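Any read-out appearing in this document is the output of simple, stated calculations on the displayed coordinates, not a laboratory observation. Keep in mind that this is a model prediction, so the values were computed, not measured.
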Amino acid sequence: MTSRGVTSCSRNGKAGIIAIALLTFVLCIFTSIPAGAQAVGATLSGTVTDASGAVISGAEITIKDVGTGVTRTLTSDSAGYYSAPNLLPASYSVTTTATGFSTNVSTGACLRVPTSASSPSTIRHSR
C-alpha cells in the first residue's frame, strides 16, 4: 500500500511540474508580445486659429521631416484640431494653409519617441 501511495504521488508530482512549465512558457509568450497601446512614434498636434482666436476648420496642415523631405498632409477638424501620430524622431516643419488666409510656416519642431508635441498655428487673413 505504501508503494502505491508513493507511485501515485510521483505521477502527480510530474504532472504538476509539467503544468508549471507549460504555464511559465505561456506567460513568457504573452508578456513578450507588445501591447497595442504602446507608442511607436511621436505625435505632433495643434489647433489652427486666426488672429482673433477663432478656430479654422478645413485648414491644410503639411508636416515635413526636414532631414528626409517626407511629408504628411492633414486637415483640421471642425474644432480646428489636427493630430499626426506615429512620426519618426526628427526635426519637422509645419506649414498651414487655408482659403482666404496667408500661409504660416513653423520650423524647429524636434520630436523624440515617445512624446507628444503641440504646434498651434495662427494664420492671418490674406489681403
Give me, ordered by chain and number, the residues 5 or more places off G41 or on other chains with an amide H under 5 Å from its own placed amide H.
N86
3J(HN,Hα) from dihedral phi, segment 103-109, Karplus parametrisation 6.51/-1.76/1.60, rounded to Hz, x for glycine, proline:
7, 10, 10, 10, 10, x, 6
Classify segment 42-118 from the C-alpha gyration tensor, please: rounded if a/c falls under 1.5, else prolate or oblate depending on whether a/b exceeds b/c.
prolate
